[in-house]
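J.: Sharing a structure with you now.
The values are calculated or read from the model by the stated rules, or taken from the named source; none is laboratory data. Since this is a predicted model, take the numbers as computed values, not measurements. Heads up, the Cβs are rebuilt from the backbone with ideal geometry, glycines too, and the neighbour counts pull from every protein chain shown.
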Amino acid sequence: MLKLSEQFNSVSFLDKVKIGRLNFYPIKFDLKDIPQNIKSLDELFDLNLVKVNELTDEGVVSRVEVHNESEFNLLILDGEAVKGAKQNRIAEKSVIIPPFSSEVIPVNCVEKNRWNYTESAEFSKSDFVLNPKIRETKANLMKNQLEASIQSEVWDQIDNLSEKLDSRSYTNDLGEILDKSRFSADFDYFDKLSDKEFNGYIVQGAGRSFVEVFFSEKTCKSNVKKSLNGWLADSDEDVCEDINTNQPLYNFLETIWDKEISIGVEDNYSSDEQHNGRSVFFENKLIHAYYYI
């Protein structure tokens, strides 16, 4: 068990940013010890130093194989999407794969109506991640050891989101639904954030508010850019009133986290069920955490 407060020298808020109906509260987490020798999945895709493929020609919906062909530890984040092969998937939990090694990782399908190769037998990087409401449902099911229920719940919620947004995809692909939604033209919101120095935030208005932190500003901003359409898609009609950010931040930092089974060289943890949080560490250093307030 551990507390995240032990990982930081200090934590400070920047000025709030309005993103559509959402309130975005950037946070600067000053980490005591920053992990080294880690590259994200997108970074290694760009360097052509990672391959992600189906387990066999027939494929397995709930598993893919990842080959790290680099000298770096490969970070795959909870909810991160890859596209291609037989159907688009998201990582069920965060995984860190050591240099020059491979691992079979658990995934969830986010494209129900396709099971065939299209452009390539391998996966490629994507421009979206799992939206907050589905991610919280997944975290809750994992906490209660109900992994077998995750896939059907993900598909049901993608159907509901498609209906809510009036955005259709022939293959029920979450990425396409988000891209075609009425929020797809709102990517200029990122311009409001790109020059700010932050590696975490609180998002209010995309369903249940949540805190999220990353070990680096670069990784954080990359995730924000991929998350914007999902956040906006989950937003409610009501305009958000400002929240008192100090109390939820305190709860996040002082929550006790319990260790779970890991896949690679990472250590995965979960918070109490009430807040549906998940975190990942490498060599006792925080990599990423989220926590629903």
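J.: Mind checking whether some residue in the range 220-236 is aliphatic (A, V, I, L, M), free of Cβ contacts under 8 Å to residues at least 40 places away in the same chain and surrounded by fewer than 19 Cβ atoms within 10 Å (Cβ to Cβ)?
T.: no
J.: Scan the range 60-114 for residues that are within 19 Å of the chain's Cα centre (by Cα), basic (Lys, Arg) and either surrounded by fewer than 24 Cβ atoms within 10 Å (Cβ to Cβ) or not in a strand (DSSP E or B) (or both) and jot them down.
T.: ARG63, LYS83, LYS93
J.: Return yes or no: is GLY205 modelled with pLDDT of 90 or more, buried (at least 18 other Cβ atoms within 10 Å of the Cβ) and touching a Lys or Arg at 6+ places or on another chain (Cβ under 8 Å)?
T.: Numbers: modelled with pLDDT of 90 or more: yes; buried (at least 18 other Cβ atoms within 10 Å of the Cβ): yes; touching a Lys or Arg at 6+ places or on another chain (Cβ under 8 Å): yes.
Here the answer is yes, as GLY205 does meet what is asked.
J.: Identify the single condition in (1) over 15 Å from the mean Cα position of the chain (by Cα); (2) touching a residue at least 12 places away in the same chain (Cβ under 8 Å); (3) within 24 Å of ILE134 (Cβ to Cβ) that GLN274 does not satisfy, given that it satisfies every other one.
T.: The failed condition is (2).
J.: Same structure again: Given the options GLU153, GLU163, name the one that is at pLDDT 95 or above, closer than 28 Å to VAL61 by Cβ and either part of a helix (DSSP H, G or I) or within 20 Å of the chain's Cα centre (by Cα) (or both).
T.: Numbers: GLU163 fails: at pLDDT 95 or above.
Just one listed residue meets the conditions, GLU153.
J.: Cβ contacts < 8 Å: first residue free of Cβ contacts under 8 Å to residues at least 40 places away in the same chain, restricted to the range 190-206; second residue crowded, with 22+ Cβ neighbours inside 10 Å, any location; separation 6+ or different chain. Result?
T.: Taking only residues 6 or more apart or on different chains, the pairs are PHE190/VAL224; PHE190/LEU228.
J.: Let me ask something additional. Which residue is farthest from the chain's Cα centre (by Cα), if the candidates are limited to the range 17-32 and must be of a type outside the set (A, V, I, L, M, F, W, C) and modelled with pLDDT of 95 or more?
T.: Going through the qualifying residues, I end up with LYS32.
J.: May I ask you to list the residues in the range 212-264 that are of a type outside the set (Phe, Trp, Tyr), outside any loop (DSSP other than H, G, I, E, B) and under 30 Å from ARG168 (Cβ atoms)?
T.: Matches in the range 212-264: GLU212, SER222, ASN223, VAL224, LYS225, LYS226, SER227, LEU228, ASN229, GLY230, LEU232, ALA233.
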